[in-house]
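Only one structure is covered here, and it is reproduced in the block below.
Read the figures in this text as sums done on the coordinates, not as results from a lab. Note that the structure is a prediction, hence the values are computed from the model and not measured. Backbone-built Cβ (ideal geometry, glycine too); neighbour counts: all protein chains shown.
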Amino acid sequence: MQNTVDIDSDHTVARFAPDAEALQNAAQQGYRSVVNFKTDAEKQDVSPEEEKQLAEEAGLVYLHHPVAPDALDKALVDAFRNKLADLPRPVLLHCASGKRAGAMTLMAISATRGLDGDAALALGRAQGLDLTGEQIGRFVKTYADDKAGA
């Protein structure tokens, strides 16, 4: 799939919001779930309700877990981690640009693997998702450090 970042074999971040064709392609490529981090207030070509229907028609499990960058907190990440654990893998995760999806994915993976913030950001950079200069990257570092006890 083009314009994506494979964080690991179970988690791929899309740098775009998928349409019906992209969801069909994802299912054909073996993805089993899709996560949408866009909020209802964001401009969207496909609403979360429509995306859920399209994903399910393609045979994908759908999760809408809206994340507004200015409302990001540990509880929101922890809730996502709990939901992610129950999703069939591999999972395609998206927002509008991939930054929130990437950050949320890196935080979930780092908490599971016990990675500190520097290691979480390094994992993203190694895969082509550099959040180090971003405000959301600072949140990833703080969250991962907290979960790792660093």
Open item on the list: Can you compute the charge dipole magnitude of the range 4-148 about its Cα centre, using +1 on each Lys and Arg Cβ and -1 on each Asp and Glu Cβ, nothing else charged? Give it in debye, rounded to the nearest 20.
Closed with: 400
- [ ] May I ask which residue of Leu123, Gly133, Pro48 lies farthest towards the positive end of the charge dipole of the range 12-148, with charges of +1 (Lys, Arg) and -1 (Asp, Glu) on Cβ and the Cα centre as origin?
- [x] Leu123
TODO: Report the FRET efficiency, 1/(1 + (r/R0)^6), for Arg138 and Glu57, where r is their Cβ-Cβ distance and R0 is 41 Å, rounded to 0.05.
DONE: 0.60
Task: Too-long pairs where the Cα-Cα distance tops 26 Å, listed order kept, from Lys99/Lys141; Lys52/Lys83; Lys52/Lys147 - done: Lys52/Lys147
- [ ] With θ set to phi - 60°, apply the Karplus curve 6.51 cos²θ - 1.76 cosθ + 1.60 along the range 92-103 and write out the HN-Hα couplings as whole Hz, x wherever there is a Gly or Pro.
- [x] 9, 10, 8, 9, 8, 10, x, 5, 5, 4, x, 4
Task: Fraction of antiparallel bridges per DSSP, the chain only, in percent to nearest 5 - done: 25
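The range 4-148: percent of C-alpha pairs farther apart than 28 Å?
I get 12 percent for the Cα pairs in the range 4-148 exceeding 28 Å.
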- [ ] In nm, give the distance between the simple-model label positions of Gln2 and Leu76, each being 7 Å from the Cα along the Cα-to-Cβ direction.
- [x] 3.2
- [ ] State, as an integer percentage, the relative contact order of the range 4-148 based on alpha-carbon contacts under 8 Å between residues 6 or more apart.
- [x] 29
